[in-house]
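Note sheet for the following structure.
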Ligand code: SF4
Ligand code: SF4
Ligand code: SF4
């Protein structure tokens with residue numbers, strides 16, 4: 001039986017999500033046994049224009065990136081967005097809060113007007129092409145990566161939770177960060193990380209993006225209980241939520 005051919009591509013990012021794949025250790029051998037990896041810059045030198053599954057890491061920040069992504073999409077049967085940079089634009093979307101000329105000057109100084117140093121508003125992958133599956137997080141969760149890939153190989157819907165981080169956090173009996181006077185995004189952010197941040201003494205910053213149908217009323221109730229407003233919550237969405245559409 002022919003194995004599905006997989007290619008992994010990176011755009012603007014820190015490559016930390018690919019590193020999570022490399023760190024799968026024994027499990028990666030299982031996964032690699034089930035597919036034929038034909039391109040993966042971080043791990044091999046071969047390249048190919050023929051693949052069935054394209055895994056995209058990173059956000060889209062330049063016009064030429066959009067063209068490259070569209071070509072990848074046209075070649076792949078299935079396209080997966082890997083990590084917050086790809087799924088929601090990630091920290092790169094912070095740039096969208098500033099004037100692009102100012103951004104270029106800040107990064108490139110006196111060379112800011114050089115034509116090849118162009119930059120555009122940051123986009124998540126699905127703002128440019130259709131995405132078939134998402135692997136959330138900054139960085140991704142290795143276990144979840146394996147689960148999603150296996151489900152897709154079996155033709156099943158990947159088991160991505162569509163309930164908020166608070167559900168996992170409460171199951172772990174963590175003391176709520178609101179009790180410490182912090183503003184945590186758990187009520188509106190997609191679970192699946194095992195409430196990693198609140199379980200380690202930090203608030204949720206929102207790296208897995210919004211749940212599909214945020215329970216706005218529940219979020220408002222939490223805000224009311226702690227004497228905060230929805231505006232306070234929105235302020236805390238800046239790191240991963242810049243310019244994201246939401247209904248709050
Ligand atoms: S999602 Fe986070 S860890 Fe992954 S590539 Fe982007 S910045 Fe790096
Ligand atoms: S608001 Fe944050 S700390 Fe509180 S229960 Fe939800 S995820 Fe946990
Ligand atoms: S708790 Fe929030 S910020 Fe932390 S890993 Fe989970 S979704 Fe990301």
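Got a sec? How would 107, 211 order by Cβ neighbour count within 10 Å, fewest to most?
Final ranking by Cβ density, sparse to dense: 107, 211.
Helix-only estimate, please: 222 nm mean residue ellipticity of the chain, summing -39500 (n - 2.57) across DSSP H runs of length 4 or more and dividing by its residues, to the nearest 500.
Computed mean residue ellipticity for the chain: -9000 deg cm²/dmol.
Between residue 114 and residue 200, 0.36 nm times their residue separation minus their Cα-Cα distance comes to what?
26.5 nm
What does DSSP give for the chain in terms of the percent of beta bridges that are antiparallel, rounded to the nearest 5?
25
So for 176, 193, fewest C-beta neighbours within 10 Å to most, what's the order?
176, 193
Sort 136, 49 so that the residue with the fewest other Cβ atoms within 10 Å of its own Cβ comes first and the one with the most comes last.
49, 136
Every read-out reported here was derived from the displayed coordinates using simple, explicitly stated rules and does not represent laboratory data. Just so it is clear, the model here is predicted, and its values are computed rather than measured. Cβ coordinates were reconstructed from backbone atoms using ideal geometry, including for glycine residues, and neighbour counts include every protein chain displayed.
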